[in-house]
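The next block holds one structure in the form of structure tokens; read it before the comments.
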Amino acid sequence: MDAENDWDNYAPPGTMSRYAWCTDGPFDLRDFLVKQCFISRIAVPDYFLGDVIDIRRVVTSWVDNASRPTPSASRPSRLPHQRHGKRPSLNIPQQLQALSLGHFTGQQHRGIDDARNICRIMESLAARNVSLEANMFVNPNRRWYWMGRDGVVFPPIQS
């Protein structure tokens, strides 16, 4: 697909009524997609503005709920692996481990391998009847300090 195509033309008619993008953390879609579209001087395609499931948040929430003691047992205010009251952020290999799915298959940060492992995580969560609902969105108007006008990076990159 390129910027000129839309999702409706990509998917055969009647094959998809609803979809969601799945990602490990918000970074790729929320940050890098918006930045790349800006630099390329194109609008964020509408098909990226739909539902997004941040699988890292879903697994972290599932781990927190699964590790809670029964109401009759006393619960510490913070779990030992937590710092400053914040929940830990689990990367893909840690999510696989938490779900007893074995090791990461392939090379980490290689798009297709990350996607395949995220699919393994999604399948495992679905088999456990974990709710897989959109939990983030892409703001196509987000701007950073270095964004000038018309795709110009400010300050200019020195060569």
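The values are calculated or read from the model by the stated rules, or taken from the named source; none is laboratory data. No experiment lies behind these values; they were computed from the predicted model shown. Neighbour counts are summed over all protein chains in view; Cβ atoms, including those assigned to glycine, are modelled from backbone coordinates with ideal geometry. What goes into the accessible areas is simple: the full protein's heavy atoms, side chains included, and nothing from ligands, DNA or RNA. Shrake-Rupley method; radii C 1.70, N 1.55, O 1.52, S 1.80 Å.
For this structure, a couple of remarks:
Yes/no matrix, rows are residues, columns are (1) modelled with pLDDT under 90; (2) part of a loop (DSSP other than H, G, I, E, B):
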{"site": "MET1", "(1), (2)": "yes, yes"}
{"site": "GLU4", "(1), (2)": "yes, yes"}
{"site": "ASP8", "(1), (2)": "yes, no"}
{"site": "PRO13", "(1), (2)": "yes, yes"}
{"site": "SER17", "(1), (2)": "yes, yes"}
{"site": "CYS22", "(1), (2)": "no, no"}
{"site": "ASP28", "(1), (2)": "yes, no"}
{"site": "VAL34", "(1), (2)": "yes, no"}
{"site": "ILE42", "(1), (2)": "no, yes"}
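- Scanning region 104-133 for residues that are of a type in the set (Gly, Ala, Ser) and open to solvent by less than 50 Å² (accessible area, probe 1.4 Å) gives ALA115, SER124.
- Residue pairs meeting the criteria (Cβ under 9 Å; at least 6 apart or on separate chains; first within 27 Å of GLN107 (Cβ to Cβ), in region 79-97; second modelled with pLDDT under 55 and not acidic (Asp, Glu)): PRO88/LEU79; PRO88/HIS81; PRO88/GLN82
- Filter pass, ILE53 being modelled with pLDDT of 85 or more, outside any helix (DSSP H, G or I) and more than 28 Å from GLN95 (Cβ to Cβ): no
- Being in contact (Cβ under 8 Å) with a residue 24 or more places away in the chain and in a loop (DSSP other than H, G, I, E, B) is true of ARG142.
- Single condition ALA66 does not satisfy, out of (1) modelled with pLDDT under 60; (2) open to solvent by 50 Å² or more (accessible area, probe 1.4 Å); (3) of a type in the set (A, V, I, L, M): (1)
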